[in-house]
1. With the condition kept exactly as written, say whether any residue in the stretch 237-252 is in a helix (DSSP H, G or I), in contact with a Leu (Cβ under 9 Å, 6 or more places away or on another chain), at pLDDT 65 or above and β-branched (Val, Ile, Thr).
2. Being within 19 Å of LYS162 (Cα to Cα), surrounded by 15 or more Cβ atoms within 10 Å (Cβ to Cβ) and at pLDDT below 65, is that true of even one residue in the stretch 264-277?
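The values are calculated or read from the model by the stated rules, or taken from the named source; none is laboratory data. Predicted, not measured: the structure shown is a model, and the values here were computed from it. Reconstructed Cβ throughout: ideal geometry from the backbone, glycine too, with neighbour counts over all protein chains shown.
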Amino acid sequence: MIMSDGTLISPRTRREFQEHLLGGVVREIHGYFKDEGFKPGEDDPNVSGERRSLVASYYNGIDWHSPGQVRRVLNAYENILFDTSPEYRQKLIDCLRRDGYTVDDGCRIGGDPNATATDLPVGALSDPSVIREHLARINDSMDRDPAAAISGAKALIESTTKLVLEELQCEYDARADIPELVKLAQKALMLHPSQIAPTAKGSESIKRILSNLSQLAIGVAELRNEYGSDHGRPAATVGLGYRQVHLAVGSATVYCRLLLETLEDPKAPWRTRSGKAETRG
């Protein structure tokens, strides 16, 4: 959830961590923030005390509305929690949980309230449960397990294309890969670039957009092959952060929204075709 002041971490939680650091070493306070790429901002003349002023200066350089910057703050908070003895840690954890975050036994903070997959229109599906399962899994892992979220984004595309084909009673090979499923689903919904009439207004732009959207979906599958968590890798994946996760999940949800909105649209082009696909709606 977004806080009442529009930020992603409440003033109370920020203040509790600031007060907690008053018992710390100045060098360590610098380290917590500098390790995440932060630099001190302007000094606050209303804040006294060396350590309290130091934390305030770092806070003043942070955009508390930015998911990316807030994620880096949470990384710093994770290290603070890890370095704090259990008897003093709980109050800080309680503040984070009140803000909608989760904290596991290893002091990992999850549940960024602004890093969730967009909900999708599933009204035209006979059974949308698998889509909801994928979205829940993606939302749960976006912050704490980026590789799993990227795998979930690919799975969301795969399930959506298959469900669309089943709703339209179109046959497909259960072993078909993402490029084939994307092609079949778009053709079934009359969304394939080759199906756009050359005389239609803006036809070239529409063709280009549809082609680019299909490449988005295929690209997510390829990204999953690079970063996904379900290949039994012999070594840890490096270079994977919130940017790549948001790219994959955002691409997947944009693509799936196009298919699902077209499926339920009573005026969508596929409904004007003769044949079995015209029965739903």
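1. Yes, the stretch 237-252 has at least one match.
2. Within the stretch 264-277, one or more residues are within 19 Å of LYS162 (Cα to Cα), surrounded by 15 or more Cβ atoms within 10 Å (Cβ to Cβ) and at pLDDT below 65.
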